[in-house]
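Here's the structure we're looking at; comments come further down.
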Amino acid sequence: MPRLLTLSRAARLVGVRRGALQSRIRSGELAAFEGMVSVDDLLRAYPQARMEDNAGLEHFEAIKQDAFARRMRERLLPSTEALVARLAELSAERAQAQAQTEHYRGIVEQLQAKLRDQGDAGLLAWLQQRLAPAAQVGQPLLAQESLLRIMSAHVEVKPSGREFFVDGNDSLLEAALRSGLSLDYGCSIGSCGKCKARVVSGQVYRTRHADYGLTAAEKTAGVVLMCCHTALTDLVIEAREALGARDMPLQTIDARIKSVSPLGDEVRLLHLQTPRSNRLRFLAGQSATLCLADGVGASLPVASCPCDDRNLQFHVRRDAGDGFAARVFGGLKGVETVRIEGPRGEFVLDEASPRPLVFIAGESGFAPIKSLIEHAMALDAAETLHLYWIAHGTGGHYLDNLCRSWSDALDNFRYEPIAAQRALPDDEALQAALRQVLRDHPRLGDSDVYVAGPAPWASAAEFQLLEHGLPRAQLYVSPLAP
Ligand code: FES
């Protein structure tokens, strides 16, 4: 029976994206059995993974940590409880494998004796030749797999079948959000009971005293709070997930102003922080209404990733006719909190799509695109991500360095800044961008395209992309207030 690995674990093992494995499975280069791959097939597809050290894994981790500055935190070791449980599980598997090996050894010895008795020298010679120790090419990979199993636990979520890893002492909820899953939750501190999940198999460990009382029946059924438990061993859990924007509840939260900082001359980064126990649950690409105590407000796309649901970023563009922008550019002096109402909007990633992703941002339409890209990176499933950012003026590409760092760190990410000669809508710049997109993606219908920017420009882009044959179902547009 070949040793089978989940796609997530196999991808970690050979240091590639999960999407890259899926792509090779789709093209027939890599065999898969019910969503799993064998170690032998994996080695055939990635022969370089035979290396004895774990440089591939370190490289992969370094890429992820460099690309996500906010995640640059020391990777915590699993707790003693987790280490003991995982070692115990591996020891039990090893003991079982050893017992099986001894059983087979006995059968082979009996077979050899019978062949000798019957004088079948040809078959005996063949058997001895086959039993000679062969080069164990898969051994280093299996050793790395055991190490990974000790350092992190793999979790499969039913019924969706989505997977994530729990590193260190992260709660199940934290680990799931970091991996781009949209599980149902509320307070994150064990008070509301919204993050209930049933443990189907595996062991969990309580990391936070939960105030929320589970009923005796729930406890008997193996229900736990994901914000209060971590994984001791690999798990299968049943949990509710948001399947789309309509599953997101409308929330109202008073958030603290963490900072207002310049992103070039024309844009300010407004960083709001929600209370620890009342975070904004949203999908990447969605918007929220921000309102000051005197009623001045604006609807803005969230520019950060849902995986950091406490620290919300917004890109506010200078606009003489926009009272909220004027207050932000004035530094929001004397203002302590901003009321957030949201999320709203259906400009969200089609996570089920296997197609390459093309993002076209116009000016500060980059904000929701940034959120989508960060989410796509967390999901780690897209084959390629290409960003075209059209902006005018010095500093128009106000997070150029961030885009370049993505491009440097990830081999499946490409960034094309396109300079417009005047403020959007600038038809020439749009035509230049579309020419570039079509040069890079001559079969545009094979991709999903996400467009965000000032409303008139976004509508023009939408019209032209459809004219070029992009199916409507693969085009997602977010027109923003000009
Ligand atoms: S999110 Fe409220 S109890 Fe876990």
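The values are calculated or read from the model by the stated rules, or taken from the named source; none is laboratory data. Nothing here was measured: the structure is a model prediction, and the numbers come from that model. Here Cβ is always computed from backbone atoms with ideal geometry, including for glycine, and neighbour counts include all displayed protein chains.
Scanning segment 176-194 for residues that are hydrophobic (A, V, I, L, M, F, W, C) and touching a residue at least 40 places away in the same chain (Cβ under 8 Å), we see that the one that is farthest from the ligand (Cβ to nearest atom) is 181. Scanning segment 208-230 for residues that are at pLDDT 90 or above and within 12 Å of the ligand (Cβ to nearest atom), we see that the one that is farthest from the chain's Cα centre (by Cα) is 223. Can you find a residue that is more than 30 Å from residue 453 (Cβ to Cβ), outside the structural domain of residue 160 (by TED's automatic domain parsing) and free of Cβ contacts under 8 Å to residues at least 24 places away in the same chain anywhere in segment 270-283? Scanning segment 270-283 turns up at least one residue that is more than 30 Å from residue 453 (Cβ to Cβ), outside the structural domain of residue 160 (by TED's automatic domain parsing) and free of Cβ contacts under 8 Å to residues at least 24 places away in the same chain. Within segment 349-372, can one find any residue that is without any contact (Cβ under 8 Å) to a residue 24 or more places away in the chain, part of a helix (DSSP H, G or I) and on the phi < 0 side of the Ramachandran plot? No, segment 349-372 contains no residue that is without any contact (Cβ under 8 Å) to a residue 24 or more places away in the chain, part of a helix (DSSP H, G or I) and on the phi < 0 side of the Ramachandran plot. Within segment 271-291, is even one residue within 22 Å of residue 192 (Cα to Cα) and among the aliphatic types (A, V, I, L, M)? Checking segment 271-291: at least one residue is within 22 Å of residue 192 (Cα to Cα) and among the aliphatic types (A, V, I, L, M). When each of 166, 200 is tested for being under 26 Å from residue 88 (Cβ atoms), surrounded by 12 or more Cβ atoms within 10 Å (Cβ to Cβ), within 16 Å of the ligand (Cβ to nearest atom) and not aromatic (Phe, Trp, Tyr), the lone residue that passes is 166. Note on segment 28-136: enclosed helices (runs of 4 or more DSSP H) holding 3 or more residues that are at pLDDT 75 or above are 39-45, 80-118, 121-131.
Residue-wise test of (1) out of contact with any strand residue (DSSP E or B) (no Cβ under 6 Å at 6 or more places or on another chain); (2) under 24 Å from residue 17 (Cβ atoms).
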{"residue": "142", "(1), (2)": "yes, yes"}
{"residue": "159", "(1), (2)": "yes, no"}
{"residue": "193", "(1), (2)": "yes, no"}
{"residue": "198", "(1), (2)": "no, no"}
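Number of residues in segment 232-286 that are surrounded by fewer than 18 Cβ atoms within 10 Å (Cβ to Cβ), under 21 Å from residue 161 (Cβ atoms) and in contact with a strand residue (DSSP E or B) (Cβ under 9 Å, 6 or more places away or on another chain) equals 5.
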